[in-house]
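In what follows, a single structure is set out as structure tokens and then discussed.
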Amino acid sequence: MAEAIFTKESVKSLYAFAYRFYQNGKYDQAAHFFRLLTVLEPGEKKNWMGLGASLQMDKKFESALEVYGYAALQDENDPYVHFHAAECFFALKKRDKGQEALNSVTIVAGKKKKYAELMKHVDLISQAWSDQELKVED
């Protein structure tokens, strides 16, 4: 039986490095660590979310959307996955897809109190895009 190359402790350390890079705005470096983590622990949603967030902050929105898709496979009932996908769609000026993603947030989050703050953000983004659409029509 082969020994694991990475121990649980070393994987935790890799995550800490990735997270630290992300917090310090070094999104490219963070993405490298998160990519490795998605290979080492493909079933860990937090690694996919970290990679998606790093790509999103680095304005690589198409790639971030792909990664958020993998995160959704890990847990389709996490409204934050849909929310961050909506942000990417809006950044790409894909309003209809962004609105669909926000609708998914609403469906998944429901009326659960733990998502109240997230739902405030959803309302603000929806309103901002509605206001922008009205300005375009004028």
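Computed from the coordinates by the stated procedures, all read-outs in this text should not be read as laboratory data. What you see is a predicted model, and the numbers here were worked out from it, not measured in a lab. All Cβ positions, glycine included, derive from the backbone under ideal geometry; neighbour counts span all protein chains shown.
Side notes on the structure shown:
- Cleavage-rule hits (trypsin sites (Lys or Arg not before Pro)) in segment 28-125: DSSP loop, at most 15 neighbouring Cβ within 10 angstrom: LYS59, LYS93, LYS111, LYS112
- Relative to the longest principal axis of the Cα atoms of the chain, the long axis of helix 61-74 lies at roughly 70 degrees.
- Degrees between helix 8-23 axis and first principal axis of the chain (Cα, 0 to 90, nearest 10): 40 degrees
- Among PHE17, PHE89, PHE33: highest mean-square fluctuation, GNM of the chain, C-alpha pairs under 10 Å: PHE17
- The average projected area of the chain, computed from the convex hull of its Cα atoms over all directions, is 9.8 nm².
- Simple Cβ-charge dipole of segment 1-126, Lys/Arg +1 and Asp/Glu -1, about Cα centre, in debye nearest 20: 380 debye
- Efficiency of FRET between HIS121 and LYS12 - r from beta-carbon atoms, R0 25 angstrom, step 0.05: 0.25
- Using alpha-carbon coordinates, inclination of helix 27-40 to the longest axis of the chain, degrees: 60 degrees
- Segment 82-101-segment 1-66 distance, computed between alpha-carbon centres (Å): 23 Å
- Helix content alone sets the calculated 222 nm mean residue ellipticity of the chain: runs of n ≥ 4 DSSP H residues at -39500 (n - 2.57) each, divided across all residues, give -25500 deg cm²/dmol.
- Restraint check, LYS12/LYS114; LYS26/LYS111; LYS8/LYS112; LYS46/LYS113, Cα-Cα greater than 30 Å: LYS26/LYS111; LYS8/LYS112
- Since only GLY69, ILE5, TYR27 are under comparison, the one whose Cα sits farthest along the positive direction of the charge dipole of segment 1-69, derived from C-beta charges on Lys, Arg, Asp and Glu, is TYR27.
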